[in-house]
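Taken together, the values in this text are just the output of simple stated rules run on the coordinates, not laboratory data. As the structure is a prediction and not an experimental result, all values here were calculated from the model. Glycine also receives a Cβ, built like all others from the backbone with ideal geometry; neighbour counts cover every protein chain displayed.
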Amino acid sequence: MNEVGTRSRWWLYVLLTVALVLVITPFAWMVLGSFKTNAELRQIPPTWWPQNPTLDNFTQLFSRLSFGTYFSNSTIVAVVVTAGNLLFCSMVGYALAMLRFRGRKIIFALILGTLMIPGVVTFVPLFVLVANLGLVDTLPGLFLPFLVAPFGVFLMRQFVLGLPRDLVEAARIDGAGEFRIFFQVILPLLTPALATLGILTFLGSWNNFLWPLVVAQSNDTYTLPVALALYSTGQNEQQYGLLMAGATIVVLPVLVVFLIFQRRFIQGIATTGIK
Amino acid sequence: MSAVTGTRRGAPQTTREARRAGSSRPPGARREERAGWLLTLPFLLLFGVFTAWPVIQSVFFSVTDITNRDLRTPFQVNFVAFEQYAKAFADPVFRQAALNTAYFVLVGVPLTMTIALAAAIALNTGITRFRAVYRLGFYTPVITSIVAVAVVWRFLLHPDSGLVNTVLAWVGIDGPNWLGSTTWAMPSLIAMATWRNFGTAMIIFLAGLQAVPQQLHEAAAIDGANAWQRFRNVTVPVLRPTILFVSVTTAIGYLQFFEEPFVMTQGGPLNSTISASMYTYQQFSFGNYGYAAALSYLIFLVIAIVTALQFRFLSEKED
């Protein structure tokens, strides 16, 4: 395979670079557009670099529209959902991998069987349930259904299976209780798996759309994607500058986090095979 | 435990002791049993209430005439058997939505996988430098909100002030009104979905390519196989489980596509981009809960069938 000729290798570099530019262009266009005025965004032909860069779009998002609230809603929901998954899924993952108890096999089969159930199947009855709990249009209504996920349990179980059993036996001989063993011996060893699960869960929650669209029904509970989708299809359809700035607000935080943790991220995807 | 079962003489003794303690299992087992259940309980409660119960209930809803007026009394509704399903098959908009979804999946999945595999092979074997930069760049769209990038793509595809038609004009092509045309709207959505998603498949393919033994390639090359023959006969067979996995997960995702038409076209023009998920959501928002539940079950059924077929079709050739 290494006998790819020098000339064809240069062609490959050119091809890959063109592809890279194509892939990145929408982001550059978005960020540059967020500093343009509405009038400039309507110009034909379009400008690439902002002629009169302005922060007006961003100030309007946070003063006239409630993007501050949406941002904090998205953050709260994503943080709570991530914390819930890290705690509960690691507990179950450990129990399934290391402890012998009746029903263990049935629970694992249940988790495997529901790994692939799509959100579109459950959202109608889930809405009826959440409505009867009085949680429609509340933040708990947004995060409660997502505090645990079969995928998280599966991931943690696989990781715990790779740990030596002797660790637990030794801790028991030392007289440690079962919960102390989990929290003080096992949990610290799970850090790499917790990081992967944490990143994936946070992203999934931050970008989640269908459920927040169903449950959030007012300015106080909208998350960023819901607010942006409703603005972009409603009366603000023509507010190009605002929409570009809104998209930037949704994308930029995860982009920064991604670029910082990208190594762990990509390893996580490769090992788990799930986005 | 491993300590007691290790010696033959110790084993029956412990069993006897355990029996005396009122259990047929070794000591410590009860403690382990209790811990196992306590650690699993929070998950089981949340999972039972918010996933298992709704799954069961959606079957029930789909055979009733429940609407938003029955929100407080979801069990006092009329049983209508398969009427909702029959209605779905006769509903011209749902038929259109099903066809659109099939179009999106049948074109989108192979396109996404081809680009992802080409990128993975190029990065894995063709080049030596800047591999990490390309990989990072190609993966970036995956982490972004579909809603946000759909908003941006709407501007990119704008007939007059959009970047795409501006670039096409440089080479003398008069670009269409992409999202306003019944012909071009769906290909535009597919292009965006491919751009957004091929990074995941590429990363998984890159991991799978690590398993292709270098010696096999060298041996095939010595035997006179060209690059394409080596790809067909060395890389693809080793990669088959990875291809299966990627095709299943990509198809499951694409079968539910929703944000793209919701933000970019609102299902138009003339329902040419409305998806099965989007139509289900619309029926739900009109208050037709029973109908929406039946539609969502049909989507689920198709997902299950497609997954099973892919397993059958792609793993059979393995011998």
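Odds and ends about this structure:
- Qualifying positions in the range A:184-222 - hydroxyl-bearing (Ser, Thr, Tyr) and within 10 Å of chain B (Cβ to nearest Cβ): none
- B:SER188 being of a type in the set (S, T, N, Q) and surrounded by fewer than 18 Cβ atoms within 10 Å (Cβ to Cβ): no
- Every residue from the range B:247-270 that is over 30 Å from B:PHE60 (Cβ atoms) and more than 8 Å from chain A (Cβ to nearest Cβ): B:SER247, B:THR250, B:GLU260, B:MET264, B:THR265, B:GLY268, B:PRO269, B:LEU270
- The range B:64-97 - residue that is exposed (fewer than 15 other Cβ atoms within 10 Å of the Cβ) and not in a helix (DSSP H, G or I) and, of those, nearest to the chain's Cα centre (by Cα): B:PHE82
- When the range B:164-185 is filtered for residues that are surrounded by fewer than 21 Cβ atoms within 10 Å (Cβ to Cβ) and not in a loop (DSSP other than H, G, I, E, B), the ones remaining, listed by number, are B:VAL164, B:THR166, B:VAL167, B:LEU168, B:ALA169, B:TRP170, B:GLY180.
- Taking the range A:170-203 as the range and being closer than 30 Å to A:LEU255 by Cβ and of a type in the set (Val, Ile, Thr) as the test, the residues that pass are A:THR191, A:THR196, A:ILE199, A:THR201.
- The range A:133-160, subset more than 18 Å from A:LEU197 (Cα to Cα), among the aliphatic types (A, V, I, L, M) and in a loop (DSSP other than H, G, I, E, B), residue farthest from the other protein chains (Cβ to nearest Cβ): A:LEU135
- Failed item in (1) at negative phi; (2) free of Cβ contacts under 8 Å to residues at least 24 places away in the same chain; (3) out of contact with any helix residue (DSSP H, G or I) (no Cβ under 6 Å at 6 or more places or on another chain), with B:ARG230 passing the rest: (3)
- Residue tally, condition more than 7 Å from chain A (Cβ to nearest Cβ) and either of a type in the set (Asp, Glu) or more than 23 Å from the chain's Cα centre (by Cα) (or both), over the range B:122-161: 12
Matching residues to (1) of a type outside the set (A, V, I, L, M); (2) in a helix (DSSP H, G or I); (3) within 9 Å of chain B (Cβ to nearest Cβ); (4) under 21 Å from A:VAL250 (Cα atoms):
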| position | (1), (2), (3), (4) |
| --- | --- |
| A:ARG7 | yes, yes, no, no |
| A:THR17 | yes, yes, yes, no |
| A:LEU20 | no, yes, yes, no |
| A:PRO26 | yes, yes, yes, yes |
| A:VAL31 | no, yes, no, yes |
| A:GLU40 | yes, yes, no, no |
| A:ILE44 | no, no, yes, no |
| A:TRP49 | yes, no, no, no |
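- Within the range B:27-41, the set of residues being more than 7 Å from chain A (Cβ to nearest Cβ) and closer than 17 Å to A:VAL148 by Cα comprises B:LEU38, B:LEU41.
- Among residues of the range A:229-251, those that are within 20 Å of A:ILE76 (Cβ to Cβ) and free of Cβ contacts under 8 Å to residues at least 24 places away in the same chain, counted: 2
- Verdict on A:LEU163 being assigned to a loop (DSSP other than H, G, I, E, B) and surrounded by fewer than 18 Cβ atoms within 10 Å (Cβ to Cβ): yes
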